[in-house]
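Structure first, commentary second.
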Amino acid sequence: MKTTRRRRSGERVRWWTYALLALAAFACLFPLYWMFIVATTDTATATNLPPEIVPGGNFFHLAGLVFSTVPFVRSIVNSLVVAGTIGVGQAVLCALAGFAFAKMRFRGRNALFLFVVLTMTVPTQLAIVPQYMIISSLGWVDTLQALIVPGLANAFGIFWMRQHISSAISDEILQAARIDGASTWQIFWRVAFPLVRPAAFVLGLLGFVTAWNDFLWPFVVLKSPEMYTVQIAIKALQNSFNIDLGLAMSGSFLATLPLLVLFVFVGRRMVAGIMNGAFKG
């Protein structure tokens, strides 16, 4: 009897678990579905009460208007270049800095790492003015390097990789490589980095998505339409007097498609990398 009750209790827990997961999945996916609904209709339909739940037939027409109104293809290419470079740069540079903080001994290491962590408490908006002054002095205004260079490393990435390297790599492995005559760079690139590659992959994906979705800094530093990233191109679809929700949502849906394709191919690997780091002690 006790075994039967335990099984029934377990079934009850699993049922509620799946119900909560289904509700969470619906809450996450519904905004995307609603964006597609509006992208296939017009502004008047988008404001109807009760709202429409069936897609309309204007998606290809509105998508054509998106490509004819702004250089959307060029904007997607610009976003791919910026986000891809930042993703790879964060994976390598943050891993390199994390390796230094985790496994190298130098004066002021702990104080410097504490300073890096504390920078995460500073709002990003506070850095816009001094960052723009630096970019302007370098002559990088209205260029893609103005977006790439500031995003190649960040405090969260350094903290993330430092924690993974500390837990995944023992000092004995590094000492053995040092005895075999490996230099510090060879120890990092051939020994340490392959062991934390899943964590670096996850960090690179997070950096890619963040750079792809970034709006504020590109809006400040980019001026000409041919240099627009995809988020600025979506903003250019609107004017000061009228907002076409169907047109704006069509551009937003087209900008979201590359992220959806990316998640389809690497989503499982990304989740595995996060969970791999979560269970390391």
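The values are calculated or read from the model by the stated rules, or taken from the named source; none is laboratory data. The shown structure was predicted, so the numbers you read here are calculated from the model rather than taken from an experiment. We place every Cβ from the backbone using ideal geometry, glycine too, and count neighbours over all the protein chains shown. Accessible surface is based on the protein model in full, side chains and every heavy atom, while ligands, DNA and RNA are left aside. Shrake-Rupley method; radii C 1.70, N 1.55, O 1.52, S 1.80 Å.
Quick notes
- Taking each residue of the range 138-159 that is surrounded by fewer than 20 Cβ atoms within 10 Å (Cβ to Cβ) and looking for partners that are assigned to a loop (DSSP other than H, G, I, E, B) with beta-carbon atoms closer than 6 Å, six or more apart or interchain, yields Asp142/Leu222; Asp142/Lys223; Asp142/Ser224.
- In the range 162-205, residue farthest from Phe101 (Cα to Cα) [restricted to those that are of a type in the set (Phe, Trp, Tyr) and touching a helix residue (DSSP H, G or I) at 6+ places or on another chain (Cβ under 7 Å)]: Phe201
- Taking residues in the range 103-126 that are within 16 Å of Trp160 (Cα to Cα), and partners anywhere that are part of a loop (DSSP other than H, G, I, E, B) and open to solvent by less than 90 Å² (accessible area, probe 1.4 Å), the pairs with Cβ atoms closer than 9 Å and at least 6 places apart or on different chains are Lys103/Ile169; Leu112/Phe106; Thr119/Asn154; Met120/Asn154.
- Scanning the range 187-224 for residues that are farther than 28 Å from Trp160 by Cα, open to solvent by less than 60 Å² (accessible area, probe 1.4 Å) and not β-branched (Val, Ile, Thr) turns up Leu222, Ser224.
- Applying a threshold of 9 Å to beta carbon distances and a minimum spacing of six or more residues, or different chains, the list of pairs starting in the range 66-95 at a residue that is without any contact (Cβ under 8 Å) to a residue 12 or more places away in the chain and ending at one that is of a type in the set (Phe, Trp, Tyr) reads Val73/Phe67.
- So Arg6, is it open to solvent by 60 Å² or more (accessible area, probe 1.4 Å) and either at pLDDT 85 or above or β-branched (Val, Ile, Thr) (or both): no
- Test result for Asp180, surrounded by fewer than 18 Cβ atoms within 10 Å (Cβ to Cβ), touching a residue at least 40 places away in the same chain (Cβ under 8 Å) and charged (D, E, K, R): no
- Applying the condition of being farther than 27 Å from Leu203 by Cα and free of Cβ contacts under 8 Å to residues at least 12 places away in the same chain to the range 228-270 and asking which residue is least open to solvent (accessible area, probe 1.4 Å) yields Gln238.
- Some residue of the range 38-57 being open to solvent by 70 Å² or more (accessible area, probe 1.4 Å) and within 28 Å of the chain's Cα centre (by Cα): no
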